[in-house]
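**Student:** One structure follows; several queries about it will come next.
What follows draws every value from the coordinates through simple rules; no lab data is involved. No experiment lies behind these values; they were computed from the predicted model shown. Using ideal geometry, Cβ is built from the backbone for each residue, glycine included, and neighbour counts are taken over all protein chains shown.
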Amino acid sequence: MPYDGPYAGRGPRRKYGSKLDYRSIPEQYLKATTVEGHLQTRIYQAQLLHKEFAPSLNVVLIVKTNLRTQAWAHVILFSSDLQLPYDTLRDYDCLRFQIEFNFRDAEQYWGLEDFMHITATAVTNAAKLSLFMVNLSYRLLRDLRQRDPEYSILDLKAGCRGYRYVEETIKRLPQQPEPVLLAQILNPVSCLGRIHAVQPYFSSP
């Protein structure tokens, strides 16, 4: 807390006051209280100091308490922008995590950490392609999970790869199969590399 006591009369003015006690935060900093079931959430906001940062910090503390067991936990969010309201700061933090998840998926599934380029243009194109595939896969999964809630990105990649293999194989046949036969080949082959079992389209009578 910032020191608000009297000046000692000599030397520099004292900057730091008492340390913040997360179990006993002054009520003057309380911004919102919500209760869902037996879980209470209290949100505090204050301008506080930390020895690792020269200026004051806009700090938001989210304290969750189980009203049955009195177990509690807290989360600390902070920003150098002292004008941000607590709800905006909390939303920004949620968006930051979503960005991290997007980069994680780009690295894990769409080659962001595997490309070998050294020029600025090539690196930019590869990064944009990886992040575009993240957005595209999210959009495709939104529809696919309406029928199959466990459908994953690995299932999506396996399905697209299987379809491509079947199409390239069909092109090399001397005679193209009928559309009905082609569908009977495409569906099971495209599911061979899936992680989750295929959900049937129709139930048995």
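**Student:** If you place +1 on the Cβ of every Lys and Arg, -1 on the Cβ of every Asp and Glu, and leave all else neutral, what size is the dipole of the chain about its Cα centre, to the nearest 20 Debye?
**Tutor:** 620 debye
**Student:** OK, next. Exposed loop chymotrypsin sites (Phe, Trp or Tyr not before Pro) only (DSSP loop, at most 16 other Cβ atoms within 10 Å): please give the longest stretch of the chain free of them, not including the sites. Could the numbers behind the result be given before it?
**Tutor:** Values: sites that count: 3, 7, 22, 115, 201, 202.
The reported range is 23-114.
**Student:** Something else: Return the Rg/Rh ratio of the chain with Cα-based radii and a Kirkwood Rh.
**Tutor:** 1.21
**Student:** Show me the GluC sites (Glu not before Pro) within the stretch 23-124 that DSSP assigns to loop and that have at most 12 other Cβ atoms within 10 Å of their Cβ. Walk me through the numbers before you get to the answer.
**Tutor:** Details: sites: 27, 36, 52, 100, 107, 113; in loops: 52, 113.
Answer by residue number: 52, 113.
**Student:** Relative contact order, percent, of the chain when contacts are C-alpha pairs under 8 Å separated by at least 6 residues?
**Tutor:** Answer for the chain is 10 percent.
**Student:** I've got another one for you. Within the chain, which complete DSSP H helices have Cα atoms spanning at least 18 Å along the helix axis and a mean Kyte-Doolittle hydropathy of -1.0 or higher?
**Tutor:** Values: long enough: 86-109 (35 Å, -1.03); 120-147 (42 Å, 0.10); 153-171 (27 Å, -0.33).
Both cut-offs are met by 120-147, 153-171.
**Student:** Could you check which residue among 102, 135, 187 shows the biggest mean-square fluctuation in a GNM of the chain with a 10 Å Cα cutoff?
**Tutor:** 187
**Student:** Let me test this: with uniform point scatterers at the alpha carbons of the stretch 91-205, what is the Debye-based log₁₀ I(q)/I(0) at q = 0.16, 0.17, 0.19 1/Å?
**Tutor:** Debye curve over Cα of the stretch 91-205, log10 I(q)/I(0) at q = 0.16, 0.17, 0.19 Å⁻¹: -0.92, -0.98, -1.09.
**Student:** What is the distance in Å between the Cα centroid of the stretch 16-66 and that of the stretch 128-183?
**Tutor:** So the separation of the two Cα centres works out to 49 Å.
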